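Remarks on the structure that follows.
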Amino acid sequence: MEVHRRPTTGKPIQTLKLKVVEDESVQKAASEALPLSLYLTNAFSFSVFFWVVYFLLSRWREKIRTSTPLHVVSLSEISAIVAFIASFVYLLGFFGIDFVQSLILRPPTDVWAADDDDEVEETAAEGILLKEDSSKLPCGQGLDCSLPLPIASKPAVPSPKAKVFDEIPVPITTSLGKEDEDLINSVVSGTIPSYSLESKLGDCKRAAAIRREALQRITGKSLSGLPLEGFDYESILGQCCEMPIGYVQIPVGIAGPLLLDGKEYSVPMATTEGCLVASTNRGCKAIHLSGGAISVLLKDGMTRAPVVRFGTAKRAAQLKLYLEDQANFEAVSTAFNKSSRFGRLQTIKCAIAGKNLYLRFCCSTGDAMGMNMVSKGVQNVLDFLQNDFPDMDIIGISGNFCSDKKPAAVNWIEGRGKSVVCEAIIKGDVVKKVLKTNVEALVELNMLKNLTGSAMAGALGGFNAHASNIVTAIYIATGQDPAQNVESSHCITMMEAVNDGQDLHVSVTMPSIEVGTVGGGTQLTSQSACLNLLGVKGASKEMPGANSRLLASIVAGSVLAGELSLMSALAAGQLVKSHMKYNRANNKDDVSKPSS
């Protein structure tokens, strides 16, 4: 029989998975296939087995005494051999079948501990046959139904357990006011733009719920796996995400403690890649046992490069010379620095392409990553320059000479954000006991893989094993811009034997780490907690910019640990084994399901 859905009643949809079940009012036991009762069958087989064994042994002894060949057998002996084989097979395969059945048919313990979320499965276990409605409905209507669902009458004898065949996502509803229903219908019809719900309602969570429901009706797809509750939608309004319908959950692991510059840090890493946190943690252990790592900040400055155009290349060159004059630079700096109390112009580098001029501004940004801060300052400078160069045509505030979220040689050479070097000397016995390899193998592998191999591939800033893995995981956990992992992962890993070849000197040089501890995603609750764990939450009151610089050093130190561990795994031939252990070995169930 079928459970048909009711038409739309104006209630928001949530989804609940109902199990398609088959009624098994009478449990089928394997012993029911036997012609006799289980007790008599076991007794008969047991008796036959010992009788034929005794008979064959007696005949064997008699043939030995009379010197009769053993392969000469009579009809009775053939029958005895057949009976022996049959009874032996039965005793191996079916003896004690009653005991086995008792274990198989025993209800699992978690049945008695089922919570309220399983009540639909319990209904199915009572023998109700549920079937997906195959009738075609208009787009969106198939996602709307009302509880309680019409169900078939129960069978006379409830089955003790139901067999689960499939899972069908079926929408359920909660109470929804007429006003919300009208809003949903307006969004579905296009009368009200989805992006305007927050400003219209003044309630960000309610706006997200209405937008989510409208999307389900428009697409006919369920969003049951995407959480809606438990998130502060007010915190992202106007700065982190537009038109939200929920949030994605990413597990956060801890690597460490990382001993860096004499202090220990527990490093949060948000990732779905198995083995990544474990590998980085092993690298942290090796560094800690060897006395820790040391970091050096080489440069701190965010960049923005507008592109302007003149009538001639000569005129573009005149502006270039103007900006390179130290006297003019002071006036330009004054105009730039008015945009923020933290933004301070450091340098301007110019590049000419025909009659187009690219101006790469670099400035300090305090504890913010600083892209918006730099853009405001650049706009002030362009307005100032047009007083002396009225023929200057501003093509764009960003001309890709910055360069943001793209692999570029200018970032690899000049740096962008924080430029950091982190190094450590790993003791030889630690290399052997913790990293399970030796110094010579690591040095050779690093030269052939990270240096020669990357050069053969034409790498741009990619002279490392997997710096991007660690950078991205920390960025997501601490509320950085994950897209900036492109240039932030520029890294060259160096390894060499020291102390007469007994120990290993390892270093990472990262010229473009772009991080901040204020602004953007850093103010979200979860990300703020991870920053607090590292001791770099918010702006530094004593020394502006200190927290963001420390975060950059922690990123570099974590990359050092990750590089050290992965290179050791490669040198020892452990990579595939470790990934199978942490990535696949425990994934026994196929979790892939068709989209609903």
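A few comments on the model shown:
- Selection status of ASN547, closer than 22 Å to MET269 by Cα, modelled with pLDDT under 95 and not in a loop (DSSP other than H, G, I, E, B): no
- Some residue of segment 444-464 being free of Cβ contacts under 8 Å to residues at least 60 places away in the same chain and of a type in the set (Ser, Thr, Tyr): yes
- Qualifying residue in segment 447-454 (condition: among the basic types (Lys, Arg), in the same structural domain as SER488 (by TED's automatic domain parsing) and part of a helix (DSSP H, G or I)): yes
- Test result for THR437, buried (at least 20 other Cβ atoms within 10 Å of the Cβ) and of a type in the set (Ser, Thr, Tyr): yes
- Residue under evaluation LYS537, criteria (1) out of contact with any Lys or Arg (no Cβ under 9 Å at 6 or more places or on another chain); (2) of a type outside the set (A, V, I, L, M); (3) surrounded by 23 or more Cβ atoms within 10 Å (Cβ to Cβ), criterion not met: (3)
- Residue satisfying all of: in segment 479-493; in contact (Cβ under 8 Å) with a residue 40 or more places away in the chain and not in a loop (DSSP other than H, G, I, E, B); surrounded by the fewest Cβ atoms within 10 Å (Cβ to Cβ) among these: ALA483
- Unique residue being at pLDDT 95 or above, under 23 Å from SER333 (Cβ atoms) and under 28 Å from the mean Cα position of the chain (by Cα) when the list is MET369, MET392: MET369
- Residue within segment 278-290 that is at pLDDT 95 or above and closer than 20 Å to GLN480 by Cα present: yes
- There is at least one residue in segment 420-433 that is outside any strand (DSSP E or B), over 32 Å from the mean Cα position of the chain (by Cα) and of a type outside the set (Lys, Arg).
- Some residue of segment 300-318 being in a helix (DSSP H, G or I), on the phi < 0 side of the Ramachandran plot and surrounded by 20 or more Cβ atoms within 10 Å (Cβ to Cβ): yes
- Among residues of segment 335-365 being in a loop (DSSP other than H, G, I, E, B) and modelled with pLDDT of 95 or more, the one that is nearest to ASN411 (Cα to Cα) is THR365.
- Complete set of residues in segment 237-265 that are surrounded by 12 or more Cβ atoms within 10 Å (Cβ to Cβ) and β-branched (Val, Ile, Thr): ILE245, ILE250, VAL252, ILE254
- Any hit, segment 325-334, residues being in contact with a Ser or Thr (Cβ under 8 Å, 6 or more places away or on another chain) and either at pLDDT below 95 or surrounded by 15 or more Cβ atoms within 10 Å (Cβ to Cβ) (or both): no
- Annotation: VAL277 fulfils all but one of (1) buried (at least 21 other Cβ atoms within 10 Å of the Cβ); (2) of a type outside the set (Lys, Arg); (3) not in a helix (DSSP H, G or I); the unmet one is (3).
The values are calculated or read from the model by the stated rules, or taken from the named source; none is laboratory data. Just so we're clear, the structure is a prediction, and the values are computed from it rather than from any experiment. Glycine gets a Cβ as well: all are built from the backbone with ideal geometry, and neighbour counts include every protein chain shown.
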